[in-house]
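A short write-up of the structure that comes next.
Where a number appears in this text, it was derived from the coordinates with a stated rule and is not lab data. Keep in mind that this is a model prediction, so the values were computed, not measured. Because the Cβ atoms are built from the backbone with ideal geometry, glycine has one as well, and the counts that use them run over all protein chains shown.
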Amino acid sequence: MNPTPPLLKIAFDPIYAHPLPEGHRFPMLKYELIPEQLLYEGTITPNNLFTPSACADEVVLWTHDKEYVQRLHQQTLSAREQRHIGFPQSPQLTRREFVITQGTIDCCHFAMEHGVALNVAGGTHHAFANRGEGFCLLNDFGVAANYLLKKGLAHKIIIIDLDVHQGNGTASLFEKEPRVFTFSMHGAHNYPFHKEKSDLDIGLNDGTDDKLYLSLLQNTLHTLLDQLQPDFAFYLSGVDILSTDKFGKLNVSIAGCKQRDEMVLAQLKAKRIPCVVAMGGGYSPDIKTIVEAHCNTFRAAKDIFSW
Ligand SMILES: [Zn+2]
C-alpha cells in the first residue's frame, strides 16, 4: 500500500539559487535556505517538494511579447535592459525564470486540489509584457493567471500583492483584463517611483507599523473578497515589509509579517478560494531574518490548512 502523498505541494529546484557575481545585493542564497530550514525543523518532508519543468514558450507568449521572449532565449538583452533587471543574462538565468514560472503554474493545479500550494521563488511582479526590471524577467503570476483563464480553469482571479514594492508589471499586464483584479499594498515612497495603476492600490506611509498595516489589510481584503467573489487567488508574500529591511521603509515586525500571512490564508481558506503563494522580495541585512520570515509563510499555510 502506498502512503498518502502529502497535500502541501511546494515548487523548488536547485536552479532557483542562481549564482551571482560576488557582493551582489540580491540574497539569492535564501532559495536554498528556505527548503533546508523547513526540512530541518520538520515542517515539511522531501515529499512535499516537487521539481517543475521549464514553462513552454507557447504558454509564456500568452503574456509576454514574442520579441522579448526571443531575446531572453538568444541572450540578446542590451546592457541597459540587464541593468534594469539587475542580473547579468545567461542561458541558466533564462532557464531559471522558465522553471520558476512553470512552478507557479503547477502550483495552480495543486491549489485547486488541496486549497493552497507554494513556490519557493516567484512573485516576479516587476516584469512587463516586453521587458523586465527589479530582479524580474518573466511575470510568473501573470503567466499563470492567463493560463488559468485560457484553459477555462478560473473566471475571476485576484492577485494580492503585499510585497513592499508596487506590482507595477502585474498592474500593467491586466490593466484591460476585467477577469483579473490586481490589488497591491506597498510603500508609497518606494520603488517603482513611477507606479502603474492596479485595480486597487494602497500606498503606505514610511514607518507604517503592525497595527495599522494589519487593520488596513483585514478590512480591505474582507470587503474585496466579498465584492469580487474570485474563484482563484495569487498571493505575493514579500518580506520586505519588515522593519529590518534595507529598502522597505515600513516598520512591520516579524510577528506582524506572520500575522499578515495568516490573515490572508485564513480568509481565502474560509471562502474556499484556491491560492498560490510566491515569495517575492526581502532584503534584511541578516539572511536569517529573511529566511525566517519566508519560512513563516510556509508554517502558516501548513497550520491554517491543517496538515
Ligand atoms: Zn519587493
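The set of residues from segment 178-193 being in contact (Cβ under 8 Å) with a residue 12 or more places away in the chain and farther than 16 Å from D163 by Cβ comprises R179, V180, F181. Exactly one residue among P52, P88, P19, P27 is touching a strand residue (DSSP E or B) at 6+ places or on another chain (Cβ under 8 Å) and in a loop (DSSP other than H, G, I, E, B), and that residue is P52.
Residue under question is G23, and the condition is that it be under 22 Å from the mean Cα position of the chain (by Cα), surrounded by fewer than 18 Cβ atoms within 10 Å (Cβ to Cβ) and on the phi > 0 side of the Ramachandran plot; does it hold? Against the criterion (under 22 Å from the mean Cα position of the chain (by Cα), surrounded by fewer than 18 Cβ atoms within 10 Å (Cβ to Cβ) and on the phi > 0 side of the Ramachandran plot), G23 does not qualify. Could you tell me whether any residue of segment 105-118 is in a loop (DSSP other than H, G, I, E, B) and under 25 Å from R25 (Cβ atoms)? There is no residue in segment 105-118 that is in a loop (DSSP other than H, G, I, E, B) and under 25 Å from R25 (Cβ atoms).
Return the total of residues in segment 128-169 being within 13 Å of the ligand (Cβ to nearest atom), out of contact with any Lys or Arg (no Cβ under 8 Å at 6 or more places or on another chain) and either of a type in the set (A, V, I, L, M) or touching a residue at least 60 places away in the same chain (Cβ under 8 Å) (or both). Lay out the reasoning, then the answer.
Filtering segment 128-169 down to residues within 13 Å of the ligand (Cβ to nearest atom) leaves 133-136, 161-169.
Still in the list and also out of contact with any Lys or Arg (no Cβ under 8 Å at 6 or more places or on another chain): 133-136, 161, 163, 165, 167, 169.
Next, only the ones that are either of a type in the set (A, V, I, L, M) or touching a residue at least 60 places away in the same chain (Cβ under 8 Å) (or both) stay: 135, 161, 163, 165, 167.
Counting residues in segment 128-169 that are within 13 Å of the ligand (Cβ to nearest atom), out of contact with any Lys or Arg (no Cβ under 8 Å at 6 or more places or on another chain) and either of a type in the set (A, V, I, L, M) or touching a residue at least 60 places away in the same chain (Cβ under 8 Å) (or both) gives 5.
Answer yes or no as to whether R95 is under 20 Å from S53 (Cα atoms), surrounded by fewer than 21 Cβ atoms within 10 Å (Cβ to Cβ) and away from the ligand (no atom under 16 Å from the Cβ).
Numbers: under 20 Å from S53 (Cα atoms): yes; surrounded by fewer than 21 Cβ atoms within 10 Å (Cβ to Cβ): yes; away from the ligand (no atom under 16 Å from the Cβ): yes.
Yes.
Listed conditions (1) under 21 Å from G238 (Cβ atoms); (2) in contact (Cβ under 8 Å) with a residue 60 or more places away in the chain; (3) surrounded by fewer than 19 Cβ atoms within 10 Å (Cβ to Cβ) are all met by I34, apart from (3).
If you go through segment 147-190 and keep only what is among the polar types (S, T, N, Q) and surrounded by 24 or more Cβ atoms within 10 Å (Cβ to Cβ), you end up with Q166, N168, T170, T182, S184.
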